[in-house]
Amino acid sequence: MHTLLDGLVSAIIGALVALLVVYFTVKAQNASIHEQLRTQRRENARAREHAAAAEVLRTLQGIQDAVGRVRMSKTDSGVVVSNVESTRDALQTLCADLRVGFERLRLDLNEDDDAVIEEFLRWVRDLENRARFYLELTVSYAENPPETRPPGTFVDIRDQMVKVLSSVQIMSSQIVAYARSDDAARKNAASFLREARTLARLVDVGTKSHAEYYNKFLRRPGDPESPVPNLPQVPVAN
């Protein structure tokens with residue numbers, strides 16, 4: 001009788017031990033599976049984010065190329081040869097694509113990153129305005145004879161093109177930096193973009209020089225600083 005009872009107790013204990021082993025094994029496996037799923041979701045989100053960022057970079061490159069291909073002149077017989085209208089249409093489409101690209105990027109970011117996307121969208125608006133003004137200056141330069149052009153028109157065209165290309169450059173560099181950075185580093189992105197945009201707009205209205213903007217936001221380590229002229233400082237509304 002004792003032998004039978006001992007065997008039954010041993011069997012029960014063995015079964016309980018086996019159940020505990022199975023329980024903890026399954027629990028560990030579930031934890032591992034959940035961690036793998038979280039890791040996979042993070043990797044998938046990062047892959048989608050990188051794809052959206054790459055699309056934004058391609059669009060910015062398209063804007064730069066479109067601006068660089070602007071041509072407008074007059075023949076000896078007075079006929080205007082221009083691709084401004086086609087460039088204007090192309091830029092309108094590209095800027096719309098740029099907005100869509102940033103909204104696509106927003107889908108794969110945390111809500112805390114909305115402020116960064118909003119800053120990028122403000123940059124898109126300013127970039128579009130700078131490109132539009134560049135086209136207007138180009139048309140004015142080609143349509144007016146030299147004696148009726150405002151003084152410094154050619155310099156204005158050059159400077160406006162620099163502003164457009166600088167906007168593309170800083171947006172591109174910040175997209176790359178943002179895609180590569182971790183969550184902690186991203187928290188400072190919105191304030192950086194806001195500060196750069198404020199100075200860029202002061203350059204637009206002529207109260208800050210592009211040299212100061214270049215020194216602070218575009219100059220690469222080791223490159224010499226550009227001399228900064230003294231200009232009056234006035235606030236610019238957002």
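The values are calculated or read from the model by the stated rules, or taken from the named source; none is laboratory data. If you're wondering where the values come from, they're calculated on a predicted model, not measured in any experiment. Every residue, glycine as well, gets a Cβ built from its backbone with ideal geometry; the counts of neighbours run over all protein chains shown. For accessibility, only protein heavy atoms count, side chains too; no ligands or nucleic acids. Shrake-Rupley method; radii C 1.70, N 1.55, O 1.52, S 1.80 Å.
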Criterion: part of a helix (DSSP H, G or I), modelled with pLDDT under 90, under 17 Å from Leu57 (Cα atoms) and of a type in the set (Phe, Trp, Tyr) - qualifying residue of Tyr141, Tyr178 = Tyr178
message = Scan region 126-134 and tell me whether some residue there is open to solvent by less than 30 Å² (accessible area, probe 1.4 Å), hydrophobic (A, V, I, L, M, F, W, C) and in contact (Cβ under 8 Å) with a residue 12 or more places away in the chain.
response = yes
request  = Could you please find all residues in region 181-222 being among the acidic types (Asp, Glu), free of Cβ contacts under 8 Å to residues at least 60 places away in the same chain and either crowded, with 18+ Cβ neighbours inside 10 Å or not in a loop (DSSP other than H, G, I, E, B) (or both)?
outcome  = Glu195, Glu212
task = Give the residue, chosen from Val100, Val81, Val17, that is at pLDDT below 70 and either open to solvent by 90 Å² or more (accessible area, probe 1.4 Å) or outside any loop (DSSP other than H, G, I, E, B) (or both).
result = Val17
key: Residue, least open to solvent (accessible area, probe 1.4 Å), within region 38-77, restricted to residues that are in a helix (DSSP H, G or I) and farther than 24 Å from Gly101 by Cα   = Thr39
note = Within region 163-180, residues being in contact with a helix residue (DSSP H, G or I) (Cβ under 7 Å, 6 or more places away or on another chain) and open to solvent by 60 Å² or more (accessible area, probe 1.4 Å) number 1
Conditions (1) at pLDDT 85 or above; (2) loosely packed, with under 14 Cβ neighbours inside 10 Å: number failed by Glu147 = (1)
